[in-house]
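Notes for the one structure printed next.
The values are calculated or read from the model by the stated rules, or taken from the named source; none is laboratory data. No experiment lies behind these values; they were computed from the predicted model shown. Please note: Cβ atoms are built from the backbone with ideal geometry, for glycine as well, and neighbour counts cover all protein chains shown. Remember, those area values only see protein heavy atoms, side chains included, never the ligands or the DNA or RNA. Shrake-Rupley method; radii C 1.70, N 1.55, O 1.52, S 1.80 Å.
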Amino acid sequence: ADEDHPHFSPDGKWLAYTGAYDNNQDVYIIPTQGGQPQRLTWHAGKDDVVGWSEDGKSVLFTSYRETANGRTGQLYQVKVSGGLPEQVMRATVADADLSEDGRYLAYNPHQPAHRGGSGWRNHRGGTTPPVWIYDLKRHSYQEIPHGNFSDTNPLWVGDKVYFLSDRNKSRQLFAFDKGKLNQVTDNQDWDITSADASGTDIIYAMGGELYVLDGKKGRSRKLDIRVNADLVQWRAQWQDAMVSMTQAVLSATGKRVLISARGEIFFFSDDAAATKNLTN
């Protein structure tokens with residue numbers, strides 16, 4: 001089944017994620033040391049993990065269980081120890097992150113028009129979500145300066161709210177601190193596709209690589225990830241090249257043929273025992 005939206009617990013001992021087991025998307029947790037997944041939600045609708053509570057005792061997730069339509073849900077939390085989920089607030093929420101003291105919620109009130117791997121790059125029109133900061137104690141909110149562009153993936157790091165925005169053509173990381181907005185990254189080759197925070201560090205995905213931004217120094221470094229596994233896909237094996245055939249040319253006698261497939265040229269004749277690869 002699909003497993004996505006992973007988030008580490010504040011103490012790093014658990015991983016919460018959305019699992020589509022049993023033909024439904026629900027909230028699961030699993031020890032980071034390995035083990036069996038533990039299911040926390042059982043509603044027939046879609047539940048997507050967005051993070052953790054500040055004390056690590058509950059998992060935050062969005063759900064459409066009480067909305068009139070399935071486009072934007074609401075924010076809930078469910079205890080790791082089990083029990084029924086509790087609604088954090090009535091307002092619609094697509095993505096969110098709690099501050100360290102649990103008082104403020106940085107959130108998207110609705111989803112962007114583009115979802116999935118391809119997306120609508122630099123979409124300007126329709127649904128372009130802002131990032132709002134909600135005071136859960138005073139029940140008031142502040143809007144981060146926004147225009148006709150998509151601001152997504154809000155993150156609390158100390159007193160700052162980080163988020164991704166394509167306001168300057170490419171999707172980069174921005175920070176909002178005490179009313180001031182600053183662009184943190186400026187990569188000209190790739191968009192940043194997703195981000196998460198741990199302490200003062202921010203990890204983000206860009207160009208098929210993972211980077212860690214030091215929130216204090218403002219510098220990024222690329223992670224060197226090596227997976228040495230005995231994957232069956234790496235084993236030498238026979239492949240049928242003819243399913244990728246691009247052209248075939250018969251000789252004048254019709255007894256020989258040249259075939260191009262998978263970037264190679266093959267030769268075959270009616271008196272040959274096997275096909276020959278002429279180019280490899």
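For ASP47, the amide hydrogen comes within under 5 Å of the amide hydrogens of GLN25, ASP26, counting only partners 5 or more places away or on other chains and with H modelled in the peptide plane.
Over 20 Å, how big is the tail of the calculated P(r) for segment 134-280, in percent of all Cα pairs? It works out to 65 percent of all Cα pairs. Among all stretches of the chain without exposed GluC sites (Glu not before Pro) (DSSP loop, at most 13 other Cβ atoms within 10 Å), which one is longest? Between the exposed loop sites, the longest stretch runs 101-280.
Each residue of segment 85-95 was assigned a 3J(HN,Hα) from its phi angle through the Karplus curve 6.51 cos²θ - 1.76 cosθ + 1.60 (θ = phi - 60°); the sequence is x, 10, 7, 6, 7, 6, 5, 6, 9, 9, 8 Hz, with glycine and proline shown as x.
With q set to 0.12, 0.13, 0.21, 0.23 Å⁻¹, the log10 of I(q)/I(0) for segment 52-138, from the Debye formula over equal scatterers at the Cα positions, is -0.41, -0.48, -1.05, -1.17.
Compared with the rule-of-thumb size 2.2 N^0.38 Å for a compact globular protein, segment 1-88 has a Cα radius of gyration ratio of 1.01. With an 8 Å Cα cut-off and a minimum separation of 6 or more residues, compute the relative contact order for segment 55-187 in percent. Taking the mean separation of contacting Cα pairs over the length of segment 55-187, I get 15 percent. Heavy-atom accessible area with a 1.4 Å probe sorts SER81, SER58, largest first, into SER81, SER58. Going 7 Å from the Cα of LEU278 toward and past its Cβ, which residues in segment 205-244 have a backbone nitrogen under 17 Å from where you end up? Only 242 fall inside the zone, counting backbone N under 17 Å. Sparse packing (at most 12 other Cβ atoms within 10 Å of the Cβ) combined with a DSSP loop state is found for the following trypsin sites (Lys or Arg not before Pro) in segment 44-125: ARG71, ARG115, ARG121, ARG124. Taking 0.36 nm per residue of sequence separation and removing the Cα-Cα distance, the ASP270/ARG121 pair yields an extension gain of 48.3 nm.
In percent, how large is the relative contact order of the chain, given Cα pairs closer than 8 Å and 6 or more residues apart? Computed value for the chain: 7 percent relative contact order.
Amide H contacts under 5 Å for TRP14: SER9, THR32, restricted to partners 5 or more places along the chain or on a different chain, H placed in the peptide plane at 1.01 Å from N.
If you filter segment 170-243 for chymotrypsin sites (Phe, Trp or Tyr not before Pro), then keep DSSP loop positions with at most 12 other Cβ within 10 Å, what is left?
The qualifying sites are TRP238.
In the context of the full set of protein chains, residues of the chain present 61 Å² of accessible surface per residue (probe radius 1.4 Å, heavy atoms only).
Computed over segment 238-280, the range of Cα coordinates on each principal axis works out to 27, 20, 18 Å, biggest value leading. P(r) tail, segment 1-157: Cα-Cα pairs separated by more than 26 Å, 26% of all pairs. Over the chain, the hull volume per residue, using the convex hull of the C-alpha atoms, is 217 Å³.
Packing, taken as the mean count of other beta carbons within 10 Å per residue, orders the peptides 13-23, 156-166 from highest to lowest as 156-166, 13-23.
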